[in-house]
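Accompanying notes for the structure given below.
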Amino acid sequence: METEQGKLPPPPRLVASLMAGFDSVANHIAVILPPVLLDLFLWLGPHLSLKQFAQPLIDSLTALAGSPFLTLKPTDVASAQQMYTEFFNRFNLFSVLRTFPLGITSLLSLDLPSRNPWGTPGSLDAGSFFGIVGWAILLVLLGWVLGALYYYWIAVVTLKTEPHPLGRSLQQGLLLSIIWMGLLILFGLPTLLFLSVVTALSSFLGQALLFIGVVLLIWLVMPVFFSSHGVFALQLNALNAILNSLRLVRFTLPNTGLFLLTFVIINQGLDFLWNTPPQNSWWMLVGIIGHAFVSTALLAASFVYYHDINAWLKIIFEQLQRQTTSAKA
């Protein structure tokens, strides 16, 4: 990127980054295997249920109808019990294998399929509260490790660089995930509990607050979206990766904001198409493969964009520094 004196180069082009990401995945198609295998497991494999633990709690909601502190009708309580019963009948604890920020992309982790072409999936029960906690910790750690390997693989095939030390990338990736998990527990759990109570009392108010919360979450997540990229593309430690992501978004907000908006629109828009087949049809396999390819290609494109925008910022800062030095002289 050579530039004329006094003339700043343009930022990386959005379309070029997207095309480079899709080309990388098309040339290394095996990289889509992790999301395909994860979704196949969530679709065709057994479910890890919480019904044994949740059912007594759902039954205890009946006592709310007679509480002097709440003006709830028996029909409202019955409706809440039915809603929670249906949720826990479908819930699959194995879905937490789709971890954040490091994690393998998945079409079905939020959809929680309850049917497949072979009928109703088999079910295991996570048991007591401590059993659920143990399973959750084990699955989250496994999801982070698999997600780190997935990101590492994408970074190598996309940036076409010599592979970085896997051990260090894995260590810093896990540390980054622990940092975000700590923040999620600190701020997310109280919010989730509050939304659950509000939704049980008023479905409309709960949905409105959930929408506001999602918008706020997107606004907070955008500046640190590229924190994982710093670990696997630039070999930064977890803290420096977060700071670099904040700096990148701060100085390139219009361009980066457009890239992230395009990223979300393509990914979420096509998810409606991939979820079109019924869960008990083998056509769902087409959706799983399509989602795996597109989501992996978009992730690869984000690595291309991250690499190019960092190189562009470096040139900009160096040129501005030279201009400042020349002006002082």
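Every number here is computed from the coordinates shown, using simple stated rules; none is lab data. Predicted model only: the values in this text are computed from it and were never measured. Here the Cβ is made from the backbone with ideal geometry for all residues, glycine too, and neighbour counts use every protein chain on show.
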## Note on the structure
Close lysine pairs (the chain; alpha-carbon distance under 24 Å; 8 or more apart or on separate chains) counted at 4
### Query
Using the eigenvalues of the Cα gyration tensor, what equivalent ellipsoid semi-axes result for the chain when each is taken as the square root of five times the eigenvalue, whole Å, largest first?
42, 24, 18
### Task
Calculate the translational D of region 208-299 in whole µm² s⁻¹ from Stokes-Einstein, where the hydrodynamic radius comes from the Kirkwood formula applied to all Cα pairs, the temperature is 10 °C and the viscosity 1.306 mPa s.
104 µm²/s
### Query
How do the peptides 45-54, 178-187, 303-312 rank, highest first, by the average count of neighbouring beta carbon atoms within 10 Å per residue?
303-312, 45-54, 178-187
